[in-house]
Amino acid sequence: MRDPRIEYLAKNLINYSVKLQKGEKVLIENFGLQRELVTALVNEAYAAGGYPFVSLKDHQVDRSLLMGAHEDQFNMIADFEAEVMSKMDAYIGLRSGDNINEHADVPSEKMAIHGRTIGKKVHRDIRVPKTKWVVLRYPNASMAQLAKMSTEAFEDFYFDVCNLDYGKMNDAMNSLVELMDKTDKVRITGPGTDLSFSIKGIKAIKCAGELNIPDGEVYTAPVKDSVNGVITYNTPSPYQGFTFENVKLTFKDGKIVEAESNDSERINKIFDTDEGARYIGEFAIGVNPYILHPMQDILFDEKIDGSFHFTPGQCYDDAFNGNHSNIHWDMVNIQRPDYGGGEIYFDDVLIRKDGRFVLPELEKLNPENLK
């Protein structure tokens, strides 16, 4: 018998996240075969009067393709997938896998080919700006292990996170969006961090279950050349098949001028991908009340209660600061007391301390008010 929580999740993805309408086409792309949720999504798409299309992929097969990748070959793959994506009204990306480090030994130049072709032509040029989309993970033993939980306990956690009342969260975010839209100067302080930048004139966007599941962030972007100071990220950050730790970035006039980590040579190669890789494309505040600790999965980690993420690389069109890059790397800092604390100031006014909002109009975003 299918878990009823899967049916509930599929219903929310089709009807709330992508709001599939009669006659619309949705591409369901699954990395790692998760028959129960894919089947439930197909059924819900039909029930909504839509037309589901399914693409099944595998991380190990993907690695083999990347290891021998050629630019012309991947341009052809991108053209094929772009043709399909261009015909879709909606997209649901379901990700799962047994090994988060499956791409760890893929050379950086091969990963860059993927970014320049499929990443750009399919996702950045079509899916993100032109479809109603949502991406999510699906629970398995590997994810439970990363979260340091039993498989059963992780499944319970997963459905609590993914099936919470996102409509309630959406309403609670309005005050933060309004405040960010009025803000010029941001200062963030904490252990190993003293960072200043401007967000003046750049829209704040709330994320409450329509683009990511799980969800729970409000994002904008810094004025491109305004970032100065130092940030030390206190969570592990997987990227291109390698988990970076103890990442410390130093900024001058927007640019990363120094980068240190557990593999400083490797991280600097990523930041040398292109000119935009050393500038920031996103600043976001995480508020999901059920996600408290990092599990090396960015879809979860960037939503951690009491966190923020500060993202080198490509900006979003709806929070546009002019930065373009083939990378978009969400790196997370948690400011709750159990992670060292920290403060966020908007125009010299303290708005969050040690992970809790202190302004009365923002208190509805504290965890006890979102559950």
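The values are calculated or read from the model by the stated rules, or taken from the named source; none is laboratory data. Just so you know, these numbers come straight off a predicted model, no measurement behind them. Neighbour counts are summed over all protein chains in view; Cβ atoms, including those assigned to glycine, are modelled from backbone coordinates with ideal geometry. The accessibility values were calculated without ligands, DNA or RNA, using every heavy atom of the protein model including side chains. Shrake-Rupley method; radii C 1.70, N 1.55, O 1.52, S 1.80 Å.
Structure values in brief
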quantity	calculated
Condition met for P294 (closer than 30 Å to E155 by Cα and either of a type outside the set (F, W, Y) or out of contact with any Gly (no Cβ under 8 Å at 6 or more places or on another chain) (or both))	yes
Filter result for the condition that a residue is over 17 Å from N323 (Cβ atoms) and either crowded, with 23+ Cβ neighbours inside 10 Å or in contact (Cβ under 8 Å) with a residue 24 or more places away in the chain (or both), over S196, S226	S196
Pairs with Cβ under 9 Å, 6+ apart, first in the range 4-25 and of a type in the set (F, W, Y), second open to solvent by 60 Å² or more (accessible area, probe 1.4 Å)	Y16/E210
Tally, over the range 128-179, of residues that are among the aromatic types (F, W, Y), in a loop (DSSP other than H, G, I, E, B) and closer than 19 Å to G286 by Cβ	0
Of all residues in the range 201-223 being open to solvent by 10 Å² or more (accessible area, probe 1.4 Å) and in contact with a helix residue (DSSP H, G or I) (Cβ under 8 Å, 6 or more places away or on another chain), the one that is farthest from I298 (Cα to Cα)	K203
Members of the range 180-200 found to be out of contact with any helix residue (DSSP H, G or I) (no Cβ under 7 Å at 6 or more places or on another chain) and either in a helix (DSSP H, G or I) or more than 25 Å from G340 (Cα to Cα) (or both), listed by number	M180, D181, K182, T183, D184, K200
Lone unmet requirement of (1) of a type outside the set (S, T, N, Q); (2) in contact with a Gly (Cβ under 6 Å, 6 or more places away or on another chain); (3) in a strand (DSSP E or B) for L56	(2)
Residue check, E265 more than 15 Å from the chain's Cα centre (by Cα), among the acidic types (D, E) and farther than 20 Å from A172 by Cα	yes
2 or more residues open to solvent by 30 Å² or more (accessible area, probe 1.4 Å) and within 23 Å of G229 (Cβ to Cβ): qualifying strands (runs of 3 or more DSSP E) within the range 289-362	343-346, 349-353
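The rows are residues; the columns are (1) surrounded by 13 or more Cβ atoms within 10 Å (Cβ to Cβ); (2) polar (S, T, N, Q); (3) within 25 Å of the chain's Cα centre (by Cα); (4) closer than 25 Å to N101 by Cα.
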| residue | (1), (2), (3), (4) |
| --- | --- |
| G32 | yes, no, yes, yes |
| A40 | yes, no, yes, no |
| G68 | no, no, no, yes |
| A78 | yes, no, yes, yes |
| M85 | yes, no, yes, no |
